[in-house]
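The values are calculated or read from the model by the stated rules, or taken from the named source; none is laboratory data. Since the model is a prediction, treat every value here as computed from it, not as a measurement. Quick reminder, even Gly has a Cβ in these numbers, built from the backbone with ideal geometry, and neighbours come from all protein chains shown. These accessible areas exclude ligands, DNA and RNA; they are computed on the full protein's heavy atoms, side chains included. Shrake-Rupley method; radii C 1.70, N 1.55, O 1.52, S 1.80 Å.
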Amino acid sequence: MYNKWRFPQTPDSFTKKVLQAVGENMKETVETAGDEKQKKIIVYKQKEEMDLRNLENTEKNTKQKDNHGQKMYGWQKKAVAAALAVAVVGVGGFTVHAVVDSLVKARMESMSEEEKTELVAEVDSQRVNAGSSSRELTQEEKERERELRIAYQLEGRFPEGELVRVEDESEVDKDTLCFDAETSYFYLPERALTDEELLQMIDYREKANYALGERYQEEYADEIAVQKAEEEEARQQAEANGGITQEEAVAKAQEWLDKVYGKTAEDMEVTCYTDINGLGTKEAPAYEVHFSFADVDEYRFTMDAADGSLIEVGYTGKELLADEVSVSDGEAKAEELSQTAEKYLRDTFGISGECKEVYYAYNTDENNTVLCNLMVFQFVMEDGHVYPIAVDCMNGILELYKVSDYESWQKNWEADKELAEKGVLTYEIVKKQLR
């Protein structure tokens, strides 16, 4: 696919806006907590930063009820990321295009300034916690939507028309897909959506994100340039000290892609960044390699720039879109899933040594389901390392692997627990010792 923008390491001036927006909305949420119709904000906190990846990775399932009683999805959070999220990927690096993507690129670039301005204005006018739809997509619609996203990105299959926009519910034709831009609310007909309607929704999101990214890069061009220079300096220094190159990082990541997921980079966009503000630092940078298939599947591998050792693995995509399991079903599968996680730890990642404790954790809400079907197993080793491994409750697919130390792991857990106790999180964190 074409080389779309990504939020870079966020400039300080933008970070201040983010923190102000988050603070104001957290206050609003607390003040109105007694109103069941008032929407709440989900605050994702990692290393004291808002992380765009968390928002993107919730596309399949992180849901909040809105004042229509329906569910809010992660992709809608991504649409207002310019006012809410801070990314940890860098602005430097390179992209390898495995597919011909000139049609999508041309479509984005062909938007008039008027159209882009209108899209940005629509997003700016939305409430920070806006975004939802009148009903969930059916399983059949979800499957078609995934296939259409692939066709959109790889084949240039675009809608013939545009979304029907309305200003309020009174203007809605119940048999027509309608969109209220002010609230980012989709009114879906009760019948099955057509391919054309699904494509219109896909197209709107794509165009809105493109317009937002372009505006962002223009507003913060100077600060982005400084960051890019810092990342390039860190990359060159790492190589001068005998570290691996970005090309070598990509090669290693391709090996891990095959070993962990049995996939190749064929038909994927491959992007490598120098990370100096996430898992890496200016003094000890890391390389973050993304393999993206038509915006449907994304695999992420982070490696130490010094020696190429694996730091983190992440996956989000179509394999994780099943309905959420109940807490009771998740608990019943905990032991079995722990064995799957340990198999990844020992056989896939080659971690040996004595394991002294194993914990598992998940998030749940008033629906008594395991949010995102995600269960995280934390293997505490005798040598002081901790390896969190997250797997999907339905199929055991690896969603996250990370190398950590006990002190950092404990600190992050305490921070999450504090957020939960203060009522900032809209879900409950459950953590138990397995053995």
*Please go through the stretch 121-139 and pick out each residue that is modelled with pLDDT of 60 or more and surrounded by 17 or more Cβ atoms within 10 Å (Cβ to Cβ).*
E122, V123, Q126, S132, S133, S134, L137
*List the number of the failed condition for T364; all other conditions in (1) free of Cβ contacts under 8 Å to residues at least 40 places away in the same chain; (2) open to solvent by less than 50 Å² (accessible area, probe 1.4 Å) hold.*
(1)
_Every residue in the stretch 137-190 that is of a type in the set (D, E) and touching a Leu at 6+ places or on another chain (Cβ under 9 Å), please._
E141, E143, E145, E155, E160
*Selection count, the stretch 165-183, where residues are surrounded by 11 or more Cβ atoms within 10 Å (Cβ to Cβ) and closer than 21 Å to T138 by Cβ*: 7
*Taking the condition out of contact with any strand residue (DSSP E or B) (no Cβ under 9 Å at 6 or more places or on another chain), of a type outside the set (K, R) and open to solvent by less than 40 Å² (accessible area, probe 1.4 Å), does D203 pass?*
yes
*Determine whether the stretch 146-153 contains at least one residue that is among the hydroxyl-bearing types (S, T, Y) and open to solvent by less than 50 Å² (accessible area, probe 1.4 Å).*
yes
_So the check is Cβ under 8 Å with 6+ separation or different chains; which pairs have a first residue in the stretch 136-165 that's farther than 18 Å from E324 by Cβ and among the hydroxyl-bearing types (S, T, Y) and a second one that's at pLDDT 90 or above and part of a loop (DSSP other than H, G, I, E, B)?_
Y152/F158
*Is at least one residue of the stretch 341-357 of a type in the set (S, T, N, Q), surrounded by 14 or more Cβ atoms within 10 Å (Cβ to Cβ), in a helix (DSSP H, G or I) and out of contact with any Pro (no Cβ under 9 Å at 6 or more places or on another chain)?*
yes
*Kindly indicate whether E324 is among the acidic types (D, E), in a loop (DSSP other than H, G, I, E, B) and surrounded by 14 or more Cβ atoms within 10 Å (Cβ to Cβ).*
yes
*When the residues of the stretch 379-406 are filtered to those that are at pLDDT below 85 and over 23 Å from the mean Cα position of the chain (by Cα), which remaining residue is surrounded by the fewest Cβ atoms within 10 Å (Cβ to Cβ)?*
D405
*Would you please name the residue that is farthest from G262 (Cα to Cα), looking only at residues in the stretch 407-418 that are surrounded by fewer than 14 Cβ atoms within 10 Å (Cβ to Cβ) and among the polar types (S, T, N, Q)?*
Q410
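Mind checking which residues of the stretch 181-199 are at pLDDT below 90 and acidic (D, E)? Before you say what the answer is, go through the steps one by one.
Taking the stretch 181-199 first, the residues at pLDDT below 90 are 181-185.
Passing the criteria: only E182.
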